[in-house]
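Reading through the C-alpha cells given below for one structure.
The values are calculated or read from the model by the stated rules, or taken from the named source; none is laboratory data. Predicted model only: the values in this text are computed from it and were never measured. Positions of Cβ are backbone-derived with ideal geometry, glycine not excepted, and every protein chain shown enters the neighbour counts. We work out accessible area using only protein heavy atoms, side chains counted, and drop any ligands, DNA or RNA first. Shrake-Rupley method; radii C 1.70, N 1.55, O 1.52, S 1.80 Å.
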Amino acid sequence: MQGEHQKFMALALAEARQALALGEVPVGCVVIKDGLVAGRGHNRRETDGDPVAHAEILAIREAARNLNRWRLTGTTLYVTVEPCPMCAGAIVLARISRVVFGVMDPKGGAGGSCFNLLESPWTNHRVAVLSGIGETAARELMQEFFQRMR
C-alpha cells in the first residue's frame, strides 16, 4: 500500500510543479478510483482569477465529470498540502473515502492541524486521513515558492 501511496503522490507532486511554473502556490492533487486517475488539478487562483481554483476543487470537479457522478465514494484524493477548510468541506460533500496528503498546514489546515473537518463527528460523512506521504518533496516545493516571493 505504501508504494501505491508514493506512486499517486508523485502524480500530485507533478501537478504542484505545474502550479509552481505558473507562479501559483505549488499545491497539486489527483483523485484516484480503482487505481486510475479520475481527476487532477493544481492551484490556478492567480491564473484564472478565481478564488476557489484550488487544486482539490479542480480535481474533484474533473473526477465528478469523468465518473459522471457527484458522489465520489470509493475514491482517494492525494494532495501535496493539507486541505484548507473550503477544500475539506468539498471533500466531505463529495463523499470522498480517503485523503492522503504530504505536508501539514499549521496556519489553516482542516485535515488535523488547525481543524479536522475531514473526520468531524458533526458532518454526515467522515473521510479517512493519512498524512506525511511525500512530505519532504511537498515542503521543498512550498519553500521554493516562498523563497521566490522574497
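Can you find a residue that is among the charged types (D, E, K, R), out of contact with any Ser or Thr (no Cβ under 6 Å at 6 or more places or on another chain), surrounded by fewer than 15 Cβ atoms within 10 Å (Cβ to Cβ) and within 18 Å of Phe146 (Cα to Cα) anywhere in the range 10-30?
Scanning the range 10-30 turns up no residue that is among the charged types (D, E, K, R), out of contact with any Ser or Thr (no Cβ under 6 Å at 6 or more places or on another chain), surrounded by fewer than 15 Cβ atoms within 10 Å (Cβ to Cβ) and within 18 Å of Phe146 (Cα to Cα).
The numbered conditions (1) of a type in the set (Asp, Glu); (2) free of Cβ contacts under 8 Å to residues at least 12 places away in the same chain; (3) open to solvent by 60 Å² or more (accessible area, probe 1.4 Å) are all true for Asp50 except (3).
Restricting to the range 133-150, name every residue that is outside any loop (DSSP other than H, G, I, E, B) and of a type in the set (Lys, Arg). Steps first, answer last, please.
To start, the set of residues in the range 133-150 that are outside any loop (DSSP other than H, G, I, E, B) comprises 135-149.
Correct list: Arg139, Arg148.
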